[in-house]
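Q: Supplied in structure tokens, the structure appears directly below.
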Amino acid sequence: MKILKWLDDHFEEYVLSGLLVVIAVVMMLQVIMRYVFNASLSWAEEASRYAFVWSALISIGYTIKENSILKVDTLVESLPAGLKHLMVTLINVSVTLFFGFLFYHSIPAIQRVIRTGQTSPALKIPLGWIYFAAIAGFFLATLRSVQKTRRDMRATISKKEA
């Protein structure tokens, strides 16, 4: 159970940190190769692009978990407490359904890419692995949205009991 708790608390942080290191190291290597040795790497741009795509999709779940996702809540904040809690719950459920929809529909899309057997031009990585970022990112976003909805509902119930 400790492993699951650790994964719940830190999974995205470590994945995103690793991807950032990959991007920085690969780009630094490319700069050194190009300007010091006058020869560029054919795969560096592609590797950085794919790491960036993965980080963009994984970060959605992380921002939901950390409650730092970009939102405009001026209207919600101006509502009375009871209506505010109802709106927050409706918004949370809507976000969960949206990311669940994206997760559900990303699976057959990625399956189609895998069936084509395409590989990336420079790295020769199966494109299914690259596109799997959509499944992973939308799954984490859905999971974190469910957790946020549950957390917000518990906070609302705790306030009513107090």
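Laboratory data are not the source of any read-out in this text; all were calculated from the coordinates shown. Just so it is clear, the structure is predicted and the values come from calculations on it, not from any experiment. Neighbour counts run over all protein chains shown; Cβ positions are idealised from the backbone, glycine included.
Q: Nearest 0.05, what FRET efficiency do Leu79 and Asp152 give at R0 = 22 Å with Cβ-Cβ as r?
A: Computed FRET efficiency for Leu79 and Asp152 comes out at 0.90.
Q: Return a single number: how many Lys pairs in the chain, at a sequence separation of 8 or more or on separate chains, have alpha-carbon atoms below 18 angstrom apart.
A: 9
Q: How compact is the chain by the rule of thumb for globular proteins, expressed as Cα Rg over 2.2 N^0.38 Å?
A: 1.33
Q: What percent does the relative contact order of region 19-162 come to when contacts are Cα pairs within less than 8 Å and at least six residues apart?
A: 31
Q: Continuing with the same structure: Of the residues Leu20, Leu143, Leu79, which exhibits the maximal mean-square fluctuation in a Gaussian network model of the chain defined by a 10 Å Cα contact cut-off?
A: Taking springs between Cα atoms under 10 Å, the residue moving most is Leu79.
Q: OK, next. Test of understanding: ordering Lys71, Lys2, Lys65 by Cβ neighbours within 10 Å, fewest first, what list do you get?
A: In increasing order of surrounding Cβ atoms, one gets Lys2, Lys71, Lys65.
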